[in-house]
Structures are given as C-alpha cells and as structure tokens.
Amino acid sequence: MAAVTHDNLYKVRHSAAHLLAHALIQLYPGLKLTIGPVTKHGFFYDFLPTEHLSEIDLAKIDTRMRELAKKNYPITGCQVPKAEARTIFSDNKFKLELIDGIPGETVGVYTQGDFADLCAGGHTESTGDVKHFMLTGLAGSYWRADRTGTQLQRIMGIAFETKQDMDAYLQKLEDAKTYDHRNLGKQLDLFSFHPEAPGSVFFHNKGTFLFNKLVNLVRDAQKHLFQEVRTPMIMHTDLWKTSGHYDNFKDNMYFTHIDEHDHAIKPMNCPGGVLMYKEKPHSYRELPIRLAEFGLVYRHELSGVLHGLSRVRCFTQDDAHTFCMPEQAEDEVMAQVEMVLAVYKKFEFADIKFAVSTRPAKSMGAQSQWDTATDALKNALNRLNIPFIVQEGEGAFYGPKIEIAIEDAMERSWQCGTIQFDFNLPERFDLEYIQSDQTKARPVMLHRAILGSVERFLSVMLEHYKGRLPLWLAPVQARILPISEKQVDYAKVVCQKLAAAGIRVEIDHSNDKISAQIRRAQLDQIPWMLVVGDKEMDQNTVTLRHRDGTQEFGKTVEFLIEIANK
C-alpha cells in the first residue's frame with residue numbers, strides 16, 4: 001500500500017493536536033489520552049480526565065501549548081513492534097485497545113521532547129512550526145462515539161499556517177454571528193417566534209414571499225415529472241404502527257383522541273403517499289408513479305435544541321415518493337439528481353458535494369437488494385460525471401441513499417437534499433404492481449427531498465447571502481426614493497409601470513432627507529434604490545443606486561424592466 005501523504009496544513013493541525021495532548025499530560029498527571037484527529041478547520045483531542053475540566057482551564061492549557069511550541073522540540077516518528085508499544089502505553093487502556101485494532105506487527109509512535117503518542121504520522125518537523133492556533137471550546141464525548149461507552153471530555157481548536165488565514169477564518173465566525181438568520185429575520189421583518197407556539201414559525205409578509213418562492217422553485221423543477229398531492233395532517237395511529245413510526249418515533253410525535261380512537265399529527269409524509277399508491281391496482285405500464293408533497297409535519301423536539309428556523313417543531317418538507325420497477329430506478333435517480341442541481345444552481349452555492357451512504361449494521365432486506373440499490377445510486381452519479389464519496393454503513397436501516405451537501409458563502413457545509421431507497425414501507429404496506437406476465441411484484445420506493453425542510457433551507461439561504469438577497473429573490477426588489485414632495489406623483493407613475501411589469505416595488509413615503517431614505521433602504525437590504533429628483537422627473541428617468549453604493553444615472557423605466565427580467 002502506498003504511503004499516505006498530507007499537505008502542510010494537515011501537518012500543522014495534526015501537530016497542534018499533539019501539542020494539546022502534550023500540554024494536557026504535563027498539566028494533569030494521570031489524565032488518559034484517547035484520540036486526537038485533524039478536523040476541517042483544526043483539531044480536537046478526547047481524553048479521560050482525572051478532574052472535570054471547564055472552559056476556564058482552556059487559557060492555562062493554551063499557555064502551556066505555546067511554551068512547548070517555543071521549545072521547538074523535533075517531532076520524530078518510527079514504527080515499533082506492538083509489544084514495545086504496549087510497554088510504552090501500558091497505563092492507558094484506550095491506547096492498548098487501539099494497538100490491538102491496528103493490523104500488522106508494528107505501530108507508529110511519534111515523540112516530541114518527553115511526550116510520545118500512538119500515531120500514523122503526518123507532522124511538521126518541530127513543535128515550533130505550530131504558531132497560529134487557538135483553543136475554541138470544550139465538550140463531552142464518548143469513547144469510540146458509543147453512548148454506552150466511557151464518557152470523555154474533548155477540547156477543540158483551530159490551527160492555520162499563517163496568521164492571515166486564521167484571522168480570515170475568525171472573521172467568518174464573526175460573520176456567522178452577525179448574519180445569524182434569527183437576527184436577519186427580525187431585521188428584515190421576515191418571521192418571528194412567540195411563546196404561545198414554541199418551536200413554530202410566524203412568517204410575516206416578506207417571509208411568506210420567500211417561503212413561497214422556495215416552494216415554487218421546487219414546484220417548477222418537478223412539474224414535468226411529479227404529480228403534486230396533499231395528504232391529511234391527522235391520521236389514525238394504526239397507520240403509524242403499520243409504517244413502524246409508532247414503535248421507533250413515538251416519543252417525537254403528537255397524539256390526539258378523536259371519535260374514541262387515537263390519532264397522530266403526521267411527523268412525516270411518506271405513509272400518506274403510500275396510502276395513495278394503494279388506492280387502486282397498478283400495472284407495470286403506469287410506473288414510475290411519482291407523487292410530490294409540500295407537507296406540513298410536526299415533531300416534538302426538546303425545547304433546549306430549538307434553534308430559529310433550523311430546528312423547529314413544525315416545518316414543511318418538500319417530499320417526493322417514486323414507485324417504480326427495479327430496472328427503472330437508476331434512471332429515476334439520475335433525473336432527480338439533475339432536478340436537485342437545477343434548483344441549487346439558482347443560489348450560487350460555493351460547492352455541492354455528493355455522498356453515497358451504504359448498508360448499516362442494523363438494517364432490513366436481502367443483501368442482493370442492497371447491492372442492486374447501491375449500484376443504482378453510484379451508476380447514476382457516474383453517468384452524470386458527478387464525483388462522490390462512499391460513506392460505508394451510513395445508510396438508513398431501510399435503504400441506501402445519496403446525501404447532497406451544499407457549502408455556503410461562509411464555507412459551512414449543510415446537508416439538505418437526499419435521494420433514498422426504501423425497502424421498509426413497500427414491505428410493511430404490501431405494495432404491488434402487475435408485471436407484464438400478470439404476476440405481482442413489489443415496487444421500488446424512492447424518497448426524494450431537495451430543500452429538505454423549507455424552513456431550514458430558508459435559514460441556510462439567508463445566512464449564505466448574509467441577508468443581501470439577489471434581485472430575483474428579494475421580497476422588495478426596488479424602492480423609489482423621492483428627494484422632495486414635488487417628485488411624489490412622478491414616483492407613483494414609475495411605481496405603477498414597474499409593478500405592472502412584475503417588479504416588486506414600493507415608494508418611501510417618509511418626509512426624511514434622501515440620505516436617511518438611502519440608509520434605511522440599505523438596512524432593509526433593498527437591491528435597487530431608485531432616486532428621483534427634479535432632473536430625473538424632467539427626463540423621465542431615475543438614478544439607480546445599488547446596495548454597494550454604486551450609481552447609474554439617467555436610467556429609464558424600460559431599461560429597469562429589461563434587466564430585471566433577464
């Protein structure tokens with residue numbers, strides 16, 4: 001096997017993790033180290049402490065790390081026999097377990113000063129090469145991510161090659177706080193939350209426009225393939241027992257008693273779509289049958305995890321369910337991947353990543369079924385020339401899936417879209433279709449979501465644009481700013497013409513000076529500020545002012561309509 005190579009940034013972050021571990025061992029004798037991997041922006045180290053550490057301790061640990069870095073210890077590594085490694089780490093049961101799990105007769109051990117760690121390599125030449133780092137937090141964790149295992153503590157940090165790179169990253173973190181969608185929602189008058197309905201969104205007029213815009217984007221993308229349907233909000237509990245949701249999800253469901261029977265408010269749309277498929281027998285000639293629904297669902301989330309639009313109790317899923325023959329599945333996946341990309345393209349996300357998640361340890365269905373479905377997902381992406389990673393064992397218990405993650409302008413990744421095989425519901429509901437030889441067969445069922453949750457996608461979108469929505473998406477595209485009372489009638493004429501052409505426009509009717517009107521429009525993130533004074537009124541034009549302060553003089557209404565409709 002070829003040796004793994006790492007770039008210098010990886011080496012800096014890996015060495016920063018060892019620096020953290022070195023400092024912990026010196027400051028807290030008896031502390032047991034476990035693992036300390038590199039992350040996307042830095043590193044962390046998990047450990048079993050002798051005493052519970054708190055955020056207050058981070059400053060002391062940071063200071064010791066910098067002292068060790070200044071000593072400029074060479075970082076050296078070699079392969080040692082496992083017997084020798086067991087002697088080195090004889091007092092650490094976690095390291096011994098790791099040694100036992102490493103194939104071969106030797107393991108890597110890296111040293112710096114008086115510190116040694118079990119490691120596969122990938123380091124800077126010395127501790128002095130680690131200069132630009134910061135400890136960012138402390139959290140709980142579990143050994144091998146097993147909640148039934150040993151509880152550990154984790155210290156996280158960031159590390160970069162240059163101070164400029166670290167400052168740029170820290171600025172992005174500040175931007176993330178500044179442009180939190182909850183702040184933007186209030187600032188731009190989009191939505192609000194109220195204690196009378198915890199975890200539920202009150203969409204204001206402009207927020208409702210954005211919500212409908214997102215729904216209509218998906219609706220337009222799928223209109224040639226999918227039939228749009230609607231299913232009831234409340235359905236008999238027996239349905240949820242048949243689907244399996246009652247046994248596996250009841251703690252997150254809301255129930256009500258109607259006509260002496262228990263009913264549930266739907267947490268998912270899929271069983272309703274299945275009932276619609278079962279409404280009548282289906283021939284192979286009818287397949288694929290594709291049903292799409294913008295379904296409002298309710299899930300009981302703990303109050304402590306509620307977070308703006310990102311984590312709510314009531315949200316809308318852009319669900320779609322396809323029932324097809326096995327030989328049709330690959331083409332269906334291709335068409336739906338293209339649909340997802342067509343929608344995402346509108347938002348100019350920095351990057352879109354695909355992953356195929358395969359069979360987990362706990363799952364249902366024959367292995368041949370899983371292999372065929374997984375191959376269909378991979379083949380569809382290959383045929384579209386879309387690169388992807390394979391996430392072994394990360395599929396749902398009922399089928400493999402494609403997960404689609406988007407990267408926003410602040411380089412944060414969000415998993416939104418998914419295309420998912422389901423072996424469970426067709427079996428539980430005994431779904432069938434009639435084949436060409438008149439025998440019955442089980443259809444393949446595919447779940448598909450583009451936005452996932454409309455509310456959550458809206459939160460991602462707002463933060464991606466930092467509230468500065470592009471012209472096509474802004475609830476108010478243009479605001480007309482009369483310099484004085486004399487131009488108000490002309491402003492109304494301009495407003496009527498633009499509105500008649502489908503441009504979302506309004507007039508600032510305040511008596512404020514033009515500078516105050518401009519300032520208010522900038523705070524409201526209006527893409528176009530149309531300034532009208534005596535000169536513009538005499539020439540039947542406007543001065544077009546953009547959010548960045550640039551101006552275009554002498555622009556006609558016809559010009560504005562033309563560029564708005566491009």
Looking at GLY157, GLY137, GLY121, which is the one that is closer than 17 Å to THR39 by Cα, touching a residue at least 12 places away in the same chain (Cβ under 8 Å) and surrounded by fewer than 12 Cβ atoms within 10 Å (Cβ to Cβ)? GLY137
Which pairs turn up if I take residues in the stretch 94-107 that are farther than 21 Å from GLN151 by Cβ and free of Cβ contacts under 8 Å to residues at least 24 places away in the same chain and look for partners that are in a helix (DSSP H, G or I) and not β-branched (Val, Ile, Thr) with beta carbon separation below 8 Å, at least 6 apart in sequence or on another chain? ILE99/LYS82; ILE99/ALA85; ILE99/ARG86; ILE102/LYS82
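From the list LEU53, LEU68, pick out the single residue that is surrounded by 14 or more Cβ atoms within 10 Å (Cβ to Cβ), outside any helix (DSSP H, G or I) and in contact (Cβ under 8 Å) with a residue 12 or more places away in the chain.
LEU53
Which one is nearest to ARG479 (Cα to Cα) among residues in the stretch 518-551 that are among the polar types (S, T, N, Q) and assigned to a strand (DSSP E or B)? Write out each step before concluding.
Just the residues of the stretch 518-551 that are among the polar types (S, T, N, Q), to begin with: 522, 525, 539-541, 543, 550-551.
Then keep just the ones that are assigned to a strand (DSSP E or B); that gives 543, 551.
Numbers: THR543: 12, GLN551: 14 Å.
The qualifying residue nearest to ARG479 (Cα to Cα) is THR543.
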Consider SER200 carefully, then state whether it is surrounded by fewer than 18 Cβ atoms within 10 Å (Cβ to Cβ) and more than 21 Å from the chain's Cα centre (by Cα). no
Please enumerate the residues belonging to the stretch 396-411 that are buried (at least 17 other Cβ atoms within 10 Å of the Cβ), out of contact with any helix residue (DSSP H, G or I) (no Cβ under 6 Å at 6 or more places or on another chain) and charged (D, E, K, R). LYS401, GLU403
Residue in the stretch 252-266 that is surrounded by the most Cβ atoms within 10 Å (Cβ to Cβ), counting only those that are within 19 Å of ALA396 (Cβ to Cβ) and in contact with a His (Cβ under 7 Å, 6 or more places away or on another chain): MET253
Within the stretch 79-105, count every residue that is among the hydrophobic types (A, V, I, L, M, F, W, C), over 23 Å from PHE44 (Cα atoms) and out of contact with any helix residue (DSSP H, G or I) (no Cβ under 9 Å at 6 or more places or on another chain). 1
Residue by residue through the stretch 340-362, note down the ones that are among the small types (Gly, Ala, Ser) and crowded, with 20+ Cβ neighbours inside 10 Å. SER357
The stretch 203-231 - residue that is farther than 22 Å from VAL343 by Cα and without any contact (Cβ under 8 Å) to a residue 24 or more places away in the chain and, of those, surrounded by the most Cβ atoms within 10 Å (Cβ to Cβ): PHE203
Looking at the stretch 71-93 only, could you name the residues that are among the aliphatic types (A, V, I, L, M) and either more than 26 Å from THR136 (Cα to Cα) or without any contact (Cβ under 8 Å) to a residue 24 or more places away in the chain (or both)? VAL80, ALA83, ALA85, ILE88
For the stretch 258-317, which positions are within 20 Å of THR231 (Cβ to Cβ) and among the basic types (Lys, Arg)? LYS266, LYS278, LYS280, ARG290, ARG299, ARG313
Return yes or no: is MET235 part of a strand (DSSP E or B) and either of a type in the set (Ser, Thr, Tyr) or surrounded by 15 or more Cβ atoms within 10 Å (Cβ to Cβ) (or both)? yes
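Only the coordinates and a few stated rules stand behind these numbers; no lab work does. Please read all numbers here as calculations on a predicted model, not as lab measurements. Counting neighbours? That spans all protein chains shown, and the Cβs are built from the backbone with ideal geometry, glycine included.
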